[in-house]
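Just below is one structure, and these are the notes that go with it.
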């Protein structure tokens, strides 16, 4: 199931974002295995957010041959540690509301559901991870009673 529309994968646009230092590459050995876009602000998906309170990730992707290896969790841990190092409280992301398996991955990592938001043609579910809490505290706080 495609995650992005073809016009969102425009090579010039992505090249500009890579040039701006927004994309990070995960490697297994010497081979590119995954990537993530890491931002210090996100006015499109989180317009109400306070400046310098959070970091944001988008376009987390893992090459098919590395699926199931724990690489996506390693990328999320890297983003969380970078968030902490920058002194930001939250690591935030969004995903298509109609993708329960993807949402479950984020929830099992410890992200808590924040809200839904309509952004253009997309209805997205927004999630955040409180970087001031441990993974165990975060999972407990997000658990429904």
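The values are calculated or read from the model by the stated rules, or taken from the named source; none is laboratory data. Please read these numbers as outputs of a predicted model, since none were measured by experiment. Every residue, glycine as well, gets a Cβ built from its backbone with ideal geometry; the counts of neighbours run over all protein chains shown.
Here the stretch 47-60 is the region considered, the condition is being under 13 Å from the mean Cα position of the chain (by Cα) and touching a residue at least 40 places away in the same chain (Cβ under 8 Å), and the residue that is surrounded by the most Cβ atoms within 10 Å (Cβ to Cβ) is 54.
All of 102, 76, 93, 80 fail the test of being touching a strand residue (DSSP E or B) at 6+ places or on another chain (Cβ under 9 Å), at pLDDT below 95 and either under 29 Å from residue 13 (Cα atoms) or in a strand (DSSP E or B) (or both), apart from 102. Within the stretch 83-111, the set of residues being within 16 Å of residue 38 (Cα to Cα) and surrounded by fewer than 16 Cβ atoms within 10 Å (Cβ to Cβ) comprises 84, 85, 86, 87. Within the stretch 121-142, the residues that satisfy the criterion of being modelled with pLDDT of 90 or more and either under 13 Å from the mean Cα position of the chain (by Cα) or over 17 Å from residue 83 (Cβ atoms) (or both) are 123, 124, 125, 126, 127, 128, 129.
For the stretch 1-40, a residue qualifies if it is surrounded by fewer than 11 Cβ atoms within 10 Å (Cβ to Cβ), modelled with pLDDT of 80 or more and assigned to a loop (DSSP other than H, G, I, E, B), and the qualifying residues are 20, 21, 29, 30. Within the stretch 111-136, residues that are on the phi > 0 side of the Ramachandran plot and assigned to a loop (DSSP other than H, G, I, E, B) have Cβ atoms under 6 Å from residues that are loosely packed, with under 12 Cβ neighbours inside 10 Å and at pLDDT 95 or above in no pair, counting only partners at least 6 apart in sequence or on another chain. Residue 72 fulfils the conditions (1) crowded, with 17+ Cβ neighbours inside 10 Å; (2) touching a helix residue (DSSP H, G or I) at 6+ places or on another chain (Cβ under 9 Å); (3) touching a residue at least 60 places away in the same chain (Cβ under 8 Å) except for a single criterion, (3).
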